[in-house]
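Worksheet for the structure shown next.
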């Protein structure tokens, strides 16, 4: 029996407020993170992700108070991160109320960090976030909020990251982010084939059909979205009902 696919709203924050943009730029205010967390908890989200998207770029620590406020509203798993550079910072995120933590920029700089985090907290608590953009015939990993190219092949990095200890991969298509043009199924499928851990697809969510496509063609274990949920373009309950009717294994809500 296949595992249920997860639907995950994402709260990208500037530390205190939720923000949303297109292809990582032109950010706009999208609301209070605790209020949105409470709403998604009621509406039936399977998990929630909260990220401080400028933490690495601005060289500031993750906004722990925001994590605490969000965690207080939830009865579902919470993943949080942004700028995590060592085990102590990871521990602070988990102590603030997160169940899992994400690491991106620092892991590329020091892949051993994934091993250290997994040894301390378990692989199931370590999510490798990868921001990827199509460059020629492959996808390249970017860091510092998508502002710096690494020269690293995103698929190969995902494979290595899982080998180093990441228990999950969160892959965001920079080409699709905020465009509402559908998930990047070729990218997601390439990552899914390369690793044996769960893969979360992010970037480009739109209609219920795009979620079904990324589950079927992209082989994603979970799909993450932001603006379509924040702006009430798509309801979680209606989305899950559609997916269930199409034969996709999802956790239904009341």
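What to note about this one:
- Residue that is farthest from residue 176 (Cα to Cα), among those in the stretch 205-227 that are in contact with a helix residue (DSSP H, G or I) (Cβ under 6 Å, 6 or more places away or on another chain) and crowded, with 22+ Cβ neighbours inside 10 Å: 220
- Within the stretch 87-106, the residues that satisfy the criterion of being surrounded by fewer than 16 Cβ atoms within 10 Å (Cβ to Cβ) and over 21 Å from residue 169 (Cα atoms) are 88, 95.
- Hits in the stretch 147-177 - residues which are under 15 Å from the mean Cα position of the chain (by Cα) and under 15 Å from residue 102 (Cα atoms): 158, 166, 167, 168, 169, 170, 171, 172
- Of the set (1) buried (at least 18 other Cβ atoms within 10 Å of the Cβ); (2) in contact with a helix residue (DSSP H, G or I) (Cβ under 6 Å, 6 or more places away or on another chain); (3) closer than 25 Å to residue 39 by Cα, all apply to residue 230 but (2).
- Residue pairs meeting the criteria (Cβ under 7 Å; at least 6 apart or on separate chains; first at pLDDT below 95, in the stretch 142-161; second in a loop (DSSP other than H, G, I, E, B)): 142/174; 143/104; 145/24; 145/53; 145/54; 146/24; 146/174
- Residue satisfying all of: in the stretch 236-250; surrounded by 15 or more Cβ atoms within 10 Å (Cβ to Cβ) and either part of a loop (DSSP other than H, G, I, E, B) or touching a residue at least 24 places away in the same chain (Cβ under 8 Å) (or both); farthest from the chain's Cα centre (by Cα) among these: 242
- Any hit, the stretch 213-230, residues being in a loop (DSSP other than H, G, I, E, B) and modelled with pLDDT under 95: yes
- Filter result for residue 97 (assigned to a strand (DSSP E or B), in contact with a strand residue (DSSP E or B) (Cβ under 8 Å, 6 or more places away or on another chain), at positive phi and without any contact (Cβ under 8 Å) to a residue 40 or more places away in the chain): no
The values are calculated or read from the model by the stated rules, or taken from the named source; none is laboratory data. As the structure is a computational prediction, the values presented were derived from the model and not from experiment. As a convention, Cβ positions derive from the backbone with ideal geometry for all residues, glycine included, and neighbour counts pool all protein chains shown.
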